[in-house]
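Here the structure is laid out as C-alpha coordinates; the discussion comes afterwards.
The values are calculated or read from the model by the stated rules, or taken from the named source; none is laboratory data. This is a predicted model, so every value here is computed, not measured. Heads up, the Cβs are rebuilt from the backbone with ideal geometry, glycines too, and the neighbour counts pull from every protein chain shown. Note: areas computed on protein heavy atoms with side chains; ligands, DNA, RNA excluded. Shrake-Rupley method; radii C 1.70, N 1.55, O 1.52, S 1.80 Å.
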Amino acid sequence: MKCEHVENKLPFYVEGDLDAVDRAGIDAHLATCDACRTSLAAYAQLESFLSDRRTLVPPASRTAARVAGRLGFGKRRKVLRALVSMPALLSAAFVATGVLLIVVGNPFRILLDRFTSAPRLHATGWSEAITRQVVALEHANEYVLLGVYLGVFAVIMLTGSWMVLRHVREQ
Amino acid sequence: MDARGEMSLSGETDAQLVARSLEGNENAFRTLVERHQAVVYGVVRAVLGAGDEVEDVAQDVFIKVYRGLGTYRGDARFATWLYRIARNEAINAARRRRVDTTPVDDVVLRAPEGERPDEQYHRDEQRRTMETHLAQLDEHHRVVLELRYMSEKSYAEIAEILELPIGTVKTYIHRAKQELKRHLMRLTVSNDRRAKKRHEM
(Lines give C-alpha, C1' and ligand atoms only; values in the text may rest on other atoms or scores of the structure.)
Protein backbone atom coordinates (compact mmCIF):
# COMPACT_ATOMS: atom_id res chain seq x y z
CA MET A 1 0.00 0.00 0.00
CA LYS A 2 1.25 3.48 -0.87
CA CYS A 3 1.23 6.40 1.59
CA GLU A 4 -1.36 8.29 -0.48
CA HIS A 5 -3.73 5.34 -0.38
CA VAL A 6 -3.20 4.88 3.37
CA GLU A 7 -3.73 8.62 4.02
CA ASN A 8 -7.13 8.42 2.33
CA LYS A 9 -8.19 5.47 4.46
CA LEU A 10 -6.87 6.68 7.83
CA PRO A 11 -10.02 8.60 8.89
CA PHE A 12 -12.07 5.42 8.42
CA TYR A 13 -9.33 3.34 10.06
CA VAL A 14 -9.57 5.53 13.19
CA GLU A 15 -13.36 5.24 13.19
CA GLY A 16 -13.12 1.45 12.80
CA ASP A 17 -15.08 1.70 9.55
CA LEU A 18 -12.86 -0.51 7.34
CA ASP A 19 -13.03 -4.14 6.27
CA ALA A 20 -10.46 -6.65 7.53
CA VAL A 21 -8.40 -6.66 4.31
CA ASP A 22 -7.94 -2.86 4.23
CA ARG A 23 -7.23 -2.81 7.93
CA ALA A 24 -4.50 -5.45 7.64
CA GLY A 25 -2.92 -3.59 4.71
CA ILE A 26 -2.81 -0.34 6.68
CA ASP A 27 -1.41 -2.08 9.77
CA ALA A 28 1.41 -3.51 7.65
CA HIS A 29 2.16 -0.10 6.13
CA LEU A 30 2.12 1.72 9.48
CA ALA A 31 4.69 -0.71 10.88
CA THR A 32 7.23 0.65 8.40
CA CYS A 33 6.17 4.30 7.76
CA ASP A 34 6.88 7.11 10.28
CA ALA A 35 5.02 9.75 8.25
CA CYS A 36 1.80 7.74 8.18
CA ARG A 37 2.13 6.97 11.90
CA THR A 38 2.35 10.73 12.59
CA SER A 39 -0.67 11.24 10.40
CA LEU A 40 -2.53 8.49 12.28
CA ALA A 41 -1.71 10.16 15.62
CA ALA A 42 -3.14 13.45 14.29
CA TYR A 43 -6.33 11.73 13.14
CA ALA A 44 -6.68 10.05 16.53
CA GLN A 45 -6.28 13.41 18.26
CA LEU A 46 -8.85 14.94 15.92
CA GLU A 47 -11.24 12.08 16.64
CA SER A 48 -10.91 12.78 20.36
CA PHE A 49 -11.58 16.52 19.82
CA LEU A 50 -14.64 15.78 17.70
CA SER A 51 -15.98 13.08 20.04
CA ASP A 52 -15.92 15.56 22.93
CA ARG A 53 -18.44 17.69 21.06
CA ARG A 54 -21.33 15.54 22.26
CA THR A 55 -20.85 17.14 25.69
CA LEU A 56 -21.81 20.51 24.14
CA VAL A 57 -25.40 19.35 23.67
CA PRO A 58 -27.48 20.14 26.78
CA PRO A 59 -29.59 17.38 28.37
CA ALA A 60 -32.66 16.57 26.27
CA SER A 61 -35.00 16.93 29.25
CA ARG A 62 -33.74 20.49 29.87
CA THR A 63 -34.41 21.56 26.29
CA ALA A 64 -37.84 19.92 26.33
CA ALA A 65 -38.74 21.65 29.62
CA ARG A 66 -37.64 25.06 28.32
CA VAL A 67 -39.49 24.68 25.03
CA ALA A 68 -42.60 23.51 26.92
CA GLY A 69 -42.29 26.51 29.23
CA ARG A 70 -42.01 28.92 26.31
CA LEU A 71 -45.03 27.34 24.65
CA GLY A 72 -46.97 27.71 27.90
CA PHE A 73 -47.80 24.00 28.12
CA GLY A 74 -48.15 23.87 31.91
CA LYS A 75 -49.79 27.29 32.18
CA ARG A 76 -52.46 26.52 29.63
CA ARG A 77 -53.52 23.48 31.61
CA LYS A 78 -53.49 25.49 34.86
CA VAL A 79 -55.70 28.20 33.36
CA LEU A 80 -58.11 25.60 32.06
CA ARG A 81 -58.24 23.87 35.42
CA ALA A 82 -58.74 27.16 37.27
CA LEU A 83 -61.43 28.33 34.87
CA VAL A 84 -63.51 25.23 35.38
CA SER A 85 -63.08 25.20 39.13
CA MET A 86 -64.03 28.07 41.48
CA PRO A 87 -65.76 30.66 39.24
CA ALA A 88 -67.64 27.99 37.35
CA LEU A 89 -68.77 26.23 40.52
CA LEU A 90 -69.96 29.51 42.08
CA SER A 91 -71.80 30.45 38.91
CA ALA A 92 -73.43 27.05 38.70
CA ALA A 93 -74.56 27.35 42.33
CA PHE A 94 -76.11 30.75 41.59
CA VAL A 95 -77.94 29.52 38.52
CA ALA A 96 -79.20 26.48 40.40
CA THR A 97 -80.50 28.66 43.23
CA GLY A 98 -82.21 30.98 40.73
CA VAL A 99 -83.94 28.10 38.97
CA LEU A 100 -84.99 26.68 42.33
CA LEU A 101 -86.52 30.00 43.37
CA ILE A 102 -88.50 30.20 40.16
CA VAL A 103 -89.72 26.64 40.29
CA VAL A 104 -90.45 26.59 44.05
CA GLY A 105 -91.53 30.24 44.36
CA ASN A 106 -94.25 29.99 47.04
CA PRO A 107 -92.12 29.18 50.13
CA PHE A 108 -89.81 32.04 49.18
CA ARG A 109 -92.74 34.48 48.91
CA ILE A 110 -94.07 33.33 52.25
CA LEU A 111 -90.64 33.83 53.77
CA LEU A 112 -90.38 37.32 52.27
CA ASP A 113 -93.84 38.21 53.55
CA ARG A 114 -92.78 37.32 57.09
CA PHE A 115 -89.71 39.56 56.87
CA THR A 116 -91.44 42.39 55.07
CA SER A 117 -94.46 42.65 57.39
CA ALA A 118 -92.47 43.47 60.52
CA PRO A 119 -90.21 46.18 59.11
CA ARG A 120 -93.26 47.92 57.69
CA LEU A 121 -94.25 48.79 61.27
CA HIS A 122 -90.87 49.87 62.60
CA ALA A 123 -88.69 50.70 59.62
CA THR A 124 -87.05 54.10 59.33
CA GLY A 125 -84.50 55.58 56.90
CA TRP A 126 -82.20 53.13 55.01
CA SER A 127 -83.91 50.00 56.34
CA GLU A 128 -87.21 51.24 54.94
CA ALA A 129 -85.57 51.79 51.55
CA ILE A 130 -84.17 48.26 51.54
CA THR A 131 -87.49 46.85 52.60
CA ARG A 132 -89.24 48.61 49.72
CA GLN A 133 -86.71 47.12 47.29
CA VAL A 134 -87.26 43.65 48.65
CA VAL A 135 -91.01 44.09 48.44
CA ALA A 136 -90.69 45.35 44.88
CA LEU A 137 -88.56 42.30 44.04
CA GLU A 138 -91.10 40.03 45.68
CA HIS A 139 -93.81 41.40 43.39
CA ALA A 140 -91.59 41.27 40.31
CA ASN A 141 -92.07 38.44 37.84
CA GLU A 142 -89.76 35.43 37.30
CA TYR A 143 -88.01 36.92 34.26
CA VAL A 144 -86.65 39.83 36.29
CA LEU A 145 -85.40 37.38 38.91
CA LEU A 146 -83.75 35.26 36.20
CA GLY A 147 -82.16 38.38 34.69
CA VAL A 148 -80.67 39.33 38.05
CA TYR A 149 -79.22 35.86 38.49
CA LEU A 150 -77.78 35.71 35.00
CA GLY A 151 -76.15 39.11 35.62
CA VAL A 152 -74.56 37.87 38.84
CA PHE A 153 -73.41 34.73 36.97
CA ALA A 154 -71.71 36.83 34.30
CA VAL A 155 -70.00 39.06 36.87
CA ILE A 156 -68.65 36.07 38.80
CA MET A 157 -67.38 34.38 35.62
CA LEU A 158 -65.63 37.52 34.34
CA THR A 159 -64.11 38.44 37.71
CA GLY A 160 -62.98 34.87 38.35
CA SER A 161 -61.39 34.51 34.90
CA TRP A 162 -59.65 37.86 35.23
CA MET A 163 -58.22 36.87 38.62
CA VAL A 164 -56.98 33.51 37.31
CA LEU A 165 -55.32 35.06 34.24
CA ARG A 166 -53.65 37.72 36.39
CA HIS A 167 -52.36 35.03 38.76
CA VAL A 168 -50.95 32.97 35.87
CA ARG A 169 -49.30 36.01 34.26
CA GLU A 170 -47.59 36.89 37.55
CA GLN A 171 -46.00 33.42 37.87
CA MET B 1 -47.33 3.57 31.51
CA ASP B 2 -44.69 5.74 33.20
CA ALA B 3 -44.31 6.90 36.79
CA ARG B 4 -46.88 9.65 36.30
CA GLY B 5 -49.43 7.17 35.05
CA GLU B 6 -49.20 8.49 31.49
CA MET B 7 -48.78 6.30 28.45
CA SER B 8 -45.16 6.02 27.36
CA LEU B 9 -44.62 7.73 24.01
CA SER B 10 -41.00 6.80 23.44
CA GLY B 11 -41.95 3.84 21.25
CA GLU B 12 -44.11 5.91 18.91
CA THR B 13 -42.92 6.93 15.45
CA ASP B 14 -42.33 10.59 14.60
CA ALA B 15 -45.49 10.65 12.46
CA GLN B 16 -47.56 9.26 15.36
CA LEU B 17 -46.08 11.82 17.75
CA VAL B 18 -46.84 14.64 15.30
CA ALA B 19 -50.46 13.42 15.03
CA ARG B 20 -50.77 13.26 18.83
CA SER B 21 -49.23 16.73 19.18
CA LEU B 22 -51.78 18.09 16.74
CA GLU B 23 -54.52 16.56 18.90
CA GLY B 24 -53.16 18.63 21.80
CA ASN B 25 -51.01 16.00 23.52
CA GLU B 26 -48.22 18.12 25.02
CA ASN B 27 -46.16 15.11 26.12
CA ALA B 28 -46.03 13.91 22.52
CA PHE B 29 -44.34 17.14 21.49
CA ARG B 30 -41.98 16.97 24.47
CA THR B 31 -40.96 13.50 23.27
CA LEU B 32 -40.29 14.86 19.77
CA VAL B 33 -38.10 17.61 21.26
CA GLU B 34 -36.14 15.14 23.37
CA ARG B 35 -35.69 12.80 20.41
CA HIS B 36 -34.46 15.40 17.92
CA GLN B 37 -32.82 18.10 20.00
CA ALA B 38 -29.29 16.85 19.28
CA VAL B 39 -29.90 17.18 15.51
CA VAL B 40 -31.20 20.71 15.95
CA TYR B 41 -28.21 21.67 18.12
CA GLY B 42 -25.83 20.15 15.60
CA VAL B 43 -27.33 22.04 12.66
CA VAL B 44 -27.64 25.35 14.52
CA ARG B 45 -24.11 25.02 15.82
CA ALA B 46 -22.81 24.19 12.34
CA VAL B 47 -24.34 27.36 10.91
CA LEU B 48 -23.81 29.74 13.84
CA GLY B 49 -20.58 28.45 15.33
CA ALA B 50 -20.01 28.57 19.08
CA GLY B 51 -21.93 30.98 21.29
CA ASP B 52 -24.63 31.37 23.91
CA GLU B 53 -27.29 32.03 21.30
CA VAL B 54 -27.10 28.43 19.97
CA GLU B 55 -29.35 27.24 22.80
CA ASP B 56 -31.87 30.05 22.26
CA VAL B 57 -31.98 29.51 18.51
CA ALA B 58 -32.40 25.74 18.99
CA GLN B 59 -35.40 26.45 21.23
CA ASP B 60 -36.75 28.94 18.67
CA VAL B 61 -36.60 26.15 16.09
CA PHE B 62 -38.86 23.93 18.21
CA ILE B 63 -41.29 26.80 18.86
CA LYS B 64 -41.49 27.33 15.11
CA VAL B 65 -41.89 23.60 14.51
CA TYR B 66 -44.75 23.40 17.04
CA ARG B 67 -46.57 26.33 15.44
CA GLY B 68 -46.06 24.85 11.98
CA LEU B 69 -46.89 21.22 12.81
CA GLY B 70 -50.12 21.54 10.85
CA THR B 71 -48.13 22.22 7.67
CA TYR B 72 -46.02 19.04 8.02
CA ARG B 73 -47.41 16.76 5.33
CA GLY B 74 -45.36 13.68 6.07
CA ASP B 75 -43.95 13.35 2.54
CA ALA B 76 -40.44 13.96 3.93
CA ARG B 77 -38.97 12.46 7.08
CA PHE B 78 -39.72 14.54 10.17
CA ALA B 79 -35.96 14.90 10.84
CA THR B 80 -35.45 16.25 7.30
CA TRP B 81 -38.27 18.77 7.75
CA LEU B 82 -36.79 19.73 11.11
CA TYR B 83 -33.32 20.09 9.57
CA ARG B 84 -34.64 22.57 6.99
CA ILE B 85 -36.36 24.67 9.64
CA ALA B 86 -33.28 24.57 11.91
CA ARG B 87 -30.97 25.61 9.07
CA ASN B 88 -33.23 28.51 8.01
CA GLU B 89 -33.65 29.68 11.58
CA ALA B 90 -29.88 29.54 12.18
CA ILE B 91 -29.16 31.41 8.93
CA ASN B 92 -31.62 34.14 9.98
CA ALA B 93 -29.96 34.32 13.40
CA ALA B 94 -26.52 34.56 11.75
CA ARG B 95 -27.76 37.45 9.59
CA ARG B 96 -28.96 39.26 12.69
CA ARG B 97 -25.63 38.71 14.37
CA ARG B 98 -22.61 40.84 13.62
CA VAL B 99 -20.11 39.02 11.42
CA ASP B 100 -17.13 39.73 13.65
CA THR B 101 -18.50 38.13 16.79
CA THR B 102 -17.81 34.43 16.72
CA PRO B 103 -17.28 33.57 20.37
CA VAL B 104 -15.53 30.29 21.04
CA ASP B 105 -15.52 30.41 24.84
CA ASP B 106 -17.91 27.51 25.33
CA VAL B 107 -15.45 25.21 23.61
CA VAL B 108 -13.56 24.77 26.88
CA LEU B 109 -14.36 21.23 27.91
CA ARG B 110 -13.70 19.22 31.02
CA ALA B 111 -9.97 18.71 31.57
CA PRO B 112 -8.69 15.19 32.25
CA GLU B 113 -7.84 14.47 35.88
CA GLY B 114 -4.27 15.18 36.93
CA GLU B 115 -3.65 17.64 34.11
CA ARG B 116 -1.24 20.46 35.03
CA PRO B 117 -2.54 24.06 34.66
CA ASP B 118 -0.08 24.82 31.80
CA GLU B 119 -1.08 21.60 30.02
CA GLN B 120 -4.74 22.51 30.46
CA TYR B 121 -4.07 26.01 29.10
CA HIS B 122 -2.39 24.64 25.96
CA ARG B 123 -5.12 22.07 25.53
CA ASP B 124 -7.81 24.75 25.73
CA GLU B 125 -5.83 26.95 23.34
CA GLN B 126 -5.61 24.08 20.90
CA ARG B 127 -9.33 23.46 21.16
CA ARG B 128 -10.13 27.12 20.55
CA THR B 129 -7.90 27.11 17.48
CA MET B 130 -9.49 23.91 16.20
CA GLU B 131 -12.94 25.37 16.79
CA THR B 132 -11.97 28.38 14.68
CA HIS B 133 -10.75 26.12 11.88
CA LEU B 134 -13.93 24.08 12.10
CA ALA B 135 -15.99 27.27 11.77
CA GLN B 136 -14.06 28.08 8.59
CA LEU B 137 -14.98 24.82 6.87
CA ASP B 138 -17.58 24.72 4.13
CA GLU B 139 -21.13 24.64 5.55
CA HIS B 140 -21.89 21.15 4.14
CA HIS B 141 -18.78 19.82 5.84
CA ARG B 142 -19.62 21.49 9.15
CA VAL B 143 -23.17 20.16 9.12
CA VAL B 144 -22.17 16.55 8.48
CA LEU B 145 -19.41 16.73 11.12
CA GLU B 146 -21.75 18.17 13.76
CA LEU B 147 -24.45 15.62 12.95
CA ARG B 148 -21.89 12.83 13.16
CA TYR B 149 -20.17 13.90 16.38
CA MET B 150 -22.43 16.34 18.22
CA SER B 151 -25.69 14.59 17.38
CA GLU B 152 -24.06 11.12 17.24
CA LYS B 153 -25.83 10.11 14.02
CA SER B 154 -24.68 7.29 11.77
CA TYR B 155 -23.72 7.90 8.13
CA ALA B 156 -27.03 6.38 7.04
CA GLU B 157 -29.06 8.62 9.36
CA ILE B 158 -27.19 11.73 8.18
CA ALA B 159 -27.80 10.71 4.57
CA GLU B 160 -31.55 10.39 5.29
CA ILE B 161 -31.77 13.71 7.15
CA LEU B 162 -29.90 15.64 4.48
CA GLU B 163 -31.40 13.61 1.62
CA LEU B 164 -27.93 12.88 0.23
CA PRO B 165 -26.33 9.64 -0.98
CA ILE B 166 -24.40 7.96 1.82
CA GLY B 167 -21.23 8.14 -0.31
CA THR B 168 -21.51 11.93 -0.44
CA VAL B 169 -21.85 12.09 3.34
CA LYS B 170 -18.72 9.97 3.76
CA THR B 171 -16.83 12.14 1.28
CA TYR B 172 -17.84 15.34 3.10
CA ILE B 173 -16.71 13.92 6.46
CA HIS B 174 -13.50 12.62 4.96
CA ARG B 175 -12.61 15.98 3.38
CA ALA B 176 -13.52 17.89 6.51
CA LYS B 177 -11.30 15.64 8.61
CA GLN B 178 -8.40 15.93 6.19
CA GLU B 179 -8.67 19.72 6.34
CA LEU B 180 -8.84 19.77 10.14
CA LYS B 181 -5.99 17.28 10.44
CA ARG B 182 -3.77 19.53 8.36
CA HIS B 183 -4.45 22.42 10.77
CA LEU B 184 -3.95 20.15 13.76
CA MET B 185 -0.56 18.94 12.52
CA ARG B 186 0.56 22.52 11.88
CA LEU B 187 -0.59 23.46 15.37
CA THR B 188 1.19 20.50 16.94
CA VAL B 189 4.46 21.41 15.18
CA SER B 190 4.27 25.04 16.36
CA ASN B 191 3.41 23.94 19.94
CA ASP B 192 6.36 21.51 19.94
CA ARG B 193 8.69 24.30 18.82
CA ARG B 194 7.40 26.59 21.56
CA ALA B 195 7.83 23.85 24.18
CA LYS B 196 11.37 23.17 22.97
CA LYS B 197 12.27 26.87 23.25
CA ARG B 198 10.89 27.03 26.80
CA HIS B 199 12.86 23.94 27.72
CA GLU B 200 16.10 25.46 26.34
CA MET B 201 15.52 28.67 28.29
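Karplus-derived 3J(HN,Hα) values for the stretch B:72-83, using 6.51 cos²θ - 1.76 cosθ + 1.60 with θ = phi - 60°, are 6, 8, x, 7, 10, 5, 4, 4, 5, 4, 5, 4 Hz; glycine and proline are entered as x. When the helices of chain B are scored as -39500 (n - 2.57) per DSSP H run of n ≥ 4 and the total is divided over every residue, the value at 222 nm lands at -23500 deg cm²/dmol. B:K197 sits with roughly 140 Å² accessible to a 1.4 Å probe, with DNA, RNA and ligands left out of the calculation. Axis angle, to the nearest 10 degrees, between helix B:166-200 and the longest C-alpha principal axis of chain B: 30 degrees. Model label sites at B:D52 and A:H5, defined 7 Å from Cα along the beta-carbon direction, differ in position by 5.4 nm. Accessible area per residue (1.4 Å probe, heavy atoms of protein chains only) ranks B:K181, B:K170, B:K196, B:K64 as B:K196, B:K64, B:K170, B:K181, with the largest value leading.
Using a 1.4 Å probe over protein heavy atoms, the accessible area lost on pairing A with B, summed over both chains, comes to approximately 3900 Å².
The length gained by stretching the chain between B:V189 and B:R67 to full extension, at 0.36 nm per residue less their Cα-Cα distance, is 38.8 nm.
Other protein chain C-beta atoms within 10 Å of residue C-beta, averaged over B:143-153: 3. In this label model, B:I166 and A:V152 are separated by 7.5 nm, measuring between points 7 Å along each Cα→Cβ vector. For chain B, the share of accessible area belonging to carbon and sulfur comes to 48 percent (1.4 Å probe, ligands and nucleic acids excluded). Backbone amide hydrogens, once placed in the peptide plane, bring B:L137 within less than 5 Å of nothing, excluding anything fewer than 5 places away on its chain.
If you wrap the tightest convex hull around every Cα atom of the stretch A:1-57 and split its volume per residue, you get 71 Å³.
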